[in-house]
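The structure follows.
A short reminder: the numbers here are calculations on the coordinates, not readings from a lab. Nothing here was measured: the structure is a model prediction, and the numbers come from that model. Here Cβ is always computed from backbone atoms with ideal geometry, including for glycine, and neighbour counts include all displayed protein chains.
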Amino acid sequence: MSLGLRYMVVAAFFFSLMSVFVKWAGSTLPSQEIVLARAIVTLVITGVMLRQRGISPLGNARGLLALRGLLGFIALSGFYWSVTHLPLADATVIQYSNPVFTALLAAALLGERLRRIEAVALLVSLSGVVLLAQPSFLFGGDARLPALGVAVAVATAILSAGAYVTVRRLKDSDDPLVVVFWFPLIAVPGTLLTMFGPMAAGLPNPGYRWPVGTEWLLLLAVGVTTQIAQVAMTRGLHLERAGRATMVSYLQIVFAFVWGALFFGESVSLTAFAGAALVVSGTIAVARRRQAPQGSNASGSGSDTDA
């Protein structure tokens, strides 16, 4: 497995842990308050790391850095919103279609070609996600999903893909820590605006309050796991082609089902096990596929090597 894909596996693992802490914190706190806490922790930790290394947090390609932060913030907020307006399984399937959009955008904007085996692996993993989540519109139940909820979820997946492609584009201009820093730099004021703007306009408080007790620890855990995941993901996208790298994100679903069984007593069906097997199989197929030699393909990552 290449170094870039190893970073993406680490990112998937810690993003899945983050979702556990978000689930616990979300039982008593509004989602945007969790987004704000996550952004503040990431901003502080990354700022300290940049200062220790003597790297300017302002970066070089500031327009792209701001775009990455804006796309990431809107995508994260949109995903949280879609989860509250759609069945979790349906929102999950739509969100994890983002590697497909990432591959398409990377091909169009970065000239990165998706190889045949990678396209097949992408479809296999996406099929696994469908079996894991078992959305109602495919497995029965009320298929009449709210049109606005579906539209927001699809837009969120596309915006996530745009953020990943932007991170990939920034590999030639900025340090990964600078890229990570600009996400909370945009997200903190953006979240404050979405939280308190409506209240300033006279709308009722949707439940925002000062955290108490263990809520502080949960919010800190969300921020720390996010920090590790964001740094690993950014380094992975700097080393690996965007379409190939984001396929590994499907492992988050497998990890999430493990945590659900361990911490929340959620049962896992045989269908879900089959879905997990497909996700892992697709990831392994991508990981075992050797990169083209440097210079043989303009879409390659250049400095990437296989271990």
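In Å, what is the Rg of the alpha-carbon atoms in the stretch 48-87, and how long is Dmax?
Rg then Dmax for the stretch 48-87, in Å: 15.3, 46.
Right, something else. So what is log10(I(q)/I(0)) for the chain at q = 0.08, 0.12, 0.15 1/Å, when the Debye sum runs over its Cα atoms only?
With no solvent term, the Cα-only Debye profile gives -0.34, -0.80, -1.27.
Ranked highest first by the average count of other Cβ atoms within 10 Å around their residues, in what order do 19-27, 225-233, 199-207, 110-118 fall?
On the way: 19-27: 18.3, 225-233: 22.9, 199-207: 9.2, 110-118: 15.8.
Descending mean neighbour count gives 225-233, 19-27, 110-118, 199-207.
Still on this structure, I have one more. Could you give each residue of the stretch 168-180 its phi-based ³J(HN,Hα) in whole Hz, using Karplus coefficients 6.51, -1.76, 1.60 with θ = phi - 60°, and x for Gly or Pro?
Couplings: 4, 5, 6, 4, 8, 10, 9, 5, x, 5, 5, 4, 4 Hz.
Now a separate question. Give me the dipole magnitude in Debye, nearest 20, for the chain about the Cα centre, with unit charges on the beta carbon: positive for Lys and Arg, negative for Asp and Glu.
620
Once the Cβ-Cβ distance between L270 and H85 is put in as r, and R0 is 22 Å, what FRET efficiency do you end up with, to the nearest 0.05?
E(calc), rounded to 0.05, equals 0.15.
Need one word for the stretch 14-124: rounded, prolate or oblate. Basis is the Cα gyration tensor (sqrt eigenvalues a ≥ b ≥ c); a/c below 1.5 gives rounded, then a/b vs b/c decides.
Oblate.
While we're on this one: Give the distance, in whole Å, between the Cα centre of the stretch 146-216 and the Cα centre of the stretch 240-282.
First find each Cα centre; the distance between them is then 24 Å.
For an R0 of 45 angstrom, estimate the FRET efficiency from the Cβ-Cβ distance between L220 and V280 and round to the nearest 0.05.
After rounding, the FRET efficiency stands at 0.90.
How far apart, in nm, are two points set 7 Å out from the Cα along the Cα-to-Cβ line at A200 and at L58?
That separation, rounded to one decimal, is 2.6 nm.
Assuming 0.36 nm per residue, please report the length gained on full extension of the stretch A66 to T28 beyond their Cα-Cα distance.
On the way: separation 38, 0.36 × 38 = 13.68 nm, distance 3.16 nm.
Extending this stretch completely gives an extra 10.5 nm.
Can you tell me the length gained on complete extension of the stretch L262 to V48, counting 0.36 nm per residue apart and subtracting the Cα distance?
73.6 nm
Through the Karplus equation 6.51 cos²θ - 1.76 cosθ + 1.60, θ set to phi - 60°, convert the phi angles of the stretch 232-241 into ³J(HN,Hα) values in whole Hz; use x for Gly and Pro.
Per residue, the Karplus-derived 3J(HN,Hα) values read 5, 5, 5, 5, x, 6, 7, 9, 10, 4 Hz.
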